[in-house]
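The values are calculated or read from the model by the stated rules, or taken from the named source; none is laboratory data. It should be emphasised that the depicted structure is a prediction, and the values quoted were computed from it without experimental measurement. Ideal geometry is used to build each Cβ from the backbone, glycine not excepted, and the neighbour counts take in all protein chains shown. To get the accessible areas, we keep the full protein, side chains included, count just its heavy atoms, and leave off ligands, DNA and RNA. Shrake-Rupley method; radii C 1.70, N 1.55, O 1.52, S 1.80 Å.
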Amino acid sequence: MPFDGRTACAYNMAVFQIYPNEGRNIMVMNGLYLVIITVCVLMLAYRLYGAWIAAKVLTLNQYRKTPAYEFEDGQDYVPTNKWVVFGHHFAAIAGAGPLVGPVIAAQFGFMPGLLWLLFGSVFAGAVHDMVVLVASIRHKGKSLAEIAKDEVSHTAGIAALWVMLLLLIVTEAGMAVVVANSLHNSPWGFFTVSMTIPAAIIVGIYAKYIRPGQIKEATILGVALILAAVVAGPYVRDNPALAPFFTYDLEQVEIMLGVYGFLASVLPIWLLLAPRDYLSTYMKIGTIVLLAIGIIVVAPEIRMPAFSQFLWGGGPVLSGSVFPYIFITIACGAISGFHSIIATGTTPKMLENERQALPVGYGAMLTETFISVMALIAACSLHPSDYFAINSSADAFAKLGLQVQDLPALSQMVGEDLMHRPGGAVSLAVGMADIFAKIPGMDHLMGLWYHFCIMFEALFILTLIDAGCRVGRYLLQELLSKVYEPFGDRSWKPGIVICSFVITCSWMYLILQGDIGVIWPLFGVSNQLLATTVLAIVTSYIIHSGRGRYAWVTMIPCFFMAFITVVADYQNVFNSYLPGGKTTMVVISALMFVLVAIVVVESVRSWFRLFKNTPPDFRSREEIEEETREANEREAAAIAAGIIPAHPVKVLSEKEKRERAEEMAVKAVLD
């Protein structure tokens, strides 16, 4: 199939515009139509499939007491407004994956990625997120490993803990290599992103010591500092005295990211991690809104073919074929095992009502999918030759025999050499900046828009790196505490430093071993393997709750993801890692496979046991809610009569509740 985007898009089934080209009428896909299709599909899925699962499979009960109320302590368990919880949950799950994955997958054409984003998120990803969130709520806010111990077996719980730790290490490496590829030899970009670190520290000090509790003032200060760094970037780049201090090669940037991750893991949360998370949330929301407006106003043409000539392998970005690599490359935009760490972390301890699991669990995942589709549109609005020139190495691009089209002019406008910066971040930033620059009155700001988009993506990634290092440290401390008890004390300084150092060195070693074409497939496989284990575990939960007749809701995507990831893992090992001498990658892939196999086998055994011993529950949600309401009334009457003691709850003032809600909203990290 040729690379003429207009000719190739004739395959698409949606609404087309007719353009003349060399005397022929040909069809061109408009990005705005993809947005409309996506919105319609996701809204229908939420109202129909998501609501059906909430009512029939999970029987979400508005009268059941959630952990936020049952264990309310004003610190970890705090009833919080559902939209605040939605913002917290979305900020925590929406890392760089939904932005970068679809851009890399555009190598296969826009259609495979679009189809998997829509169908994968509706029938797998959003189901995964909502069901594991509900399982955690009904297990008193417990973690995934604890749920596995309760529902499957002790062995499955330990294996799940190791799977999460390995995934975090691989995720850190995958995210770091993306941001390093976009910042090396780029003084403007490096300066802009590096200045977000002191900006976050200033905000943290301001909010804790200078003006305690004044979140709005701190927000204005932080956003102003970040935007000032973007504007000051060209002056740093053009200053011969300053530019060398912000110009580093790829390996130097990767090492600096490791140092940053270590410091973020050992420093107090309020000093760097929490203010960065908080500021990144504003940047995420603001930029996505701007991109949506830009796509509506500009209505960019999709220049990437629906299906490229690399559909069945041999591509310059990923060497594998669309099956199975589209599934592991898209990753977080359709389904992500990483989300389960958040859904069994702080989120279940904040929900006021079980029914809020639908918008928070199912809805947040669909929102992330919408972002992924917009990222796909931005990348596919580039000419295919320019897309491959950015996302492939010099040697790989030379073998294609293609000539760049708009890239020299784009490089001049943004003030950067855009050639051969793989990882997805640069091509996405160029596509987004090109859309923004086509808004009336914005054409002269292409350079600012590009570096703003780079900073926006880097904030996504650095937020995940600092939070991931800290969470990885928590998991490693928990595992080592079984060998040496002091590691279980999270305030023990030697344990903090040792575990943070081990986690950081582990993912640093990975990124120094391979490029994006090697590391991203490993991240995708690891992420989807964790999703497979989660689906297996929550299937046990559904059967145990008496809803075994609906177990297919998670069982089918569990088997599908298991098959996909096993095939992808096999191809990674035998087609890439072993021929390339990547022993470390082989070991990690094998470990992940063995651990996931343990969890899945243990889960399947529990399915048979639970089907045999658990009586089916045929009550409707309304009947269950009525029984719960009556039980609550009887309990309240007994407490009022002094027959049973009330659950001790720390009484907070309204001001304390507001302050605690704000704190929880910005704390997008597991504790």
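Only one of W507, W520, W552 is at pLDDT 95 or above and either of a type outside the set (D, E, K, R) or open to solvent by 10 Å² or more (accessible area, probe 1.4 Å) (or both). Can you tell me which? Before you say what the answer is, go through the steps one by one.
Working: W507 fails: at pLDDT 95 or above; W520 fails: at pLDDT 95 or above.
Criteria check complete, one pass: W552.
Identify, by number, the condition in (1) crowded, with 24+ Cβ neighbours inside 10 Å; (2) over 22 Å from the mean Cα position of the chain (by Cα); (3) farther than 30 Å from G431 by Cβ that V131 doesn't meet.
The single condition V131 does not satisfy is (2).
Taking the stretch 309-335 on its own, how many of its residues are surrounded by fewer than 24 Cβ atoms within 10 Å (Cβ to Cβ) and at pLDDT 85 or above?
7
Only one of these is modelled with pLDDT of 90 or more and either part of a helix (DSSP H, G or I) or farther than 30 Å from V78 by Cβ (or both): L358, L410, L402, L382. Name it. Give the steps one after another, and end with the answer.
On the way: L410 fails: modelled with pLDDT of 90 or more; L402 fails: modelled with pLDDT of 90 or more; L382 fails: modelled with pLDDT of 90 or more.
Every option except L358 fails the conditions.
Which of the numbered conditions does S392 fail, given that it passes all the others? Conditions: (1) open to solvent by 10 Å² or more (accessible area, probe 1.4 Å); (2) farther than 21 Å from L291 by Cα.
Every condition holds for S392 apart from (1).
If you take the residues in the stretch 546-578 that are small (G, A, S) and more than 25 Å from L318 (Cα to Cα), which one is farthest from the chain's Cα centre (by Cα)? Spell out the reasoning first.
Start the filter on the stretch 546-578 by keeping residues that are small (G, A, S), which leaves 546, 548, 551, 562, 568, 576.
Those left that are additionally more than 25 Å from L318 (Cα to Cα): 546, 548, 551.
Values: G546: 32, G548: 30, A551: 26 Å.
Top of the filtered list is G546.
Could you please give the count of residues in the stretch 336-366 that are over 23 Å from C558 (Cα atoms), of a type outside the set (D, E, K, R) and open to solvent by 10 Å² or more (accessible area, probe 1.4 Å)?
Here the count works out to 3.
Quick one: is A292 open to solvent by 10 Å² or more (accessible area, probe 1.4 Å), under 24 Å from A105 (Cα atoms) and touching a helix residue (DSSP H, G or I) at 6+ places or on another chain (Cβ under 9 Å)?
Working: open to solvent by 10 Å² or more (accessible area, probe 1.4 Å): yes; under 24 Å from A105 (Cα atoms): yes; touching a helix residue (DSSP H, G or I) at 6+ places or on another chain (Cβ under 9 Å): yes.
For A292, the condition - open to solvent by 10 Å² or more (accessible area, probe 1.4 Å), under 24 Å from A105 (Cα atoms) and touching a helix residue (DSSP H, G or I) at 6+ places or on another chain (Cβ under 9 Å) - is met.
Can you find even one residue in the stretch 71-87 that is in a helix (DSSP H, G or I) and under 30 Å from P616 (Cα atoms)? Steps first, please.
Narrowing the stretch 71-87 to residues in a helix (DSSP H, G or I): 82-87.
Checking the rest, the ones that are also under 30 Å from P616 (Cα atoms) come to none.
There is no residue in the stretch 71-87 that is in a helix (DSSP H, G or I) and under 30 Å from P616 (Cα atoms).
Scan the stretch 82-99 and give yes if some residue there is small (G, A, S) and more than 20 Å from G286 (Cα to Cα), otherwise no. Break it down into steps so the answer makes sense when it comes.
In the first step, residues of the stretch 82-99 are kept if they are small (G, A, S); the result is 87, 91-92, 94-97.
Restricting the remaining residues to those that are more than 20 Å from G286 (Cα to Cα) gives none.
So far as the stretch 82-99 goes, no, none of its residues is small (G, A, S) and more than 20 Å from G286 (Cα to Cα).
Residue by residue, here is whether (1) among the hydroxyl-bearing types (S, T, Y); (2) in contact (Cβ under 8 Å) with a residue 24 or more places away in the chain; (3) closer than 27 Å to F123 by Cβ holds:
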{"residue": "P300", "(1), (2), (3)": "no, yes, no"}
{"residue": "T329", "(1), (2), (3)": "yes, yes, yes"}
{"residue": "I335", "(1), (2), (3)": "no, yes, yes"}
{"residue": "K349", "(1), (2), (3)": "no, yes, no"}
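Kindly list the number of the only condition in (1) under 30 Å from S319 (Cβ atoms); (2) surrounded by fewer than 13 Cβ atoms within 10 Å (Cβ to Cβ) that fails for E633.
For E633, the failing item is (1).
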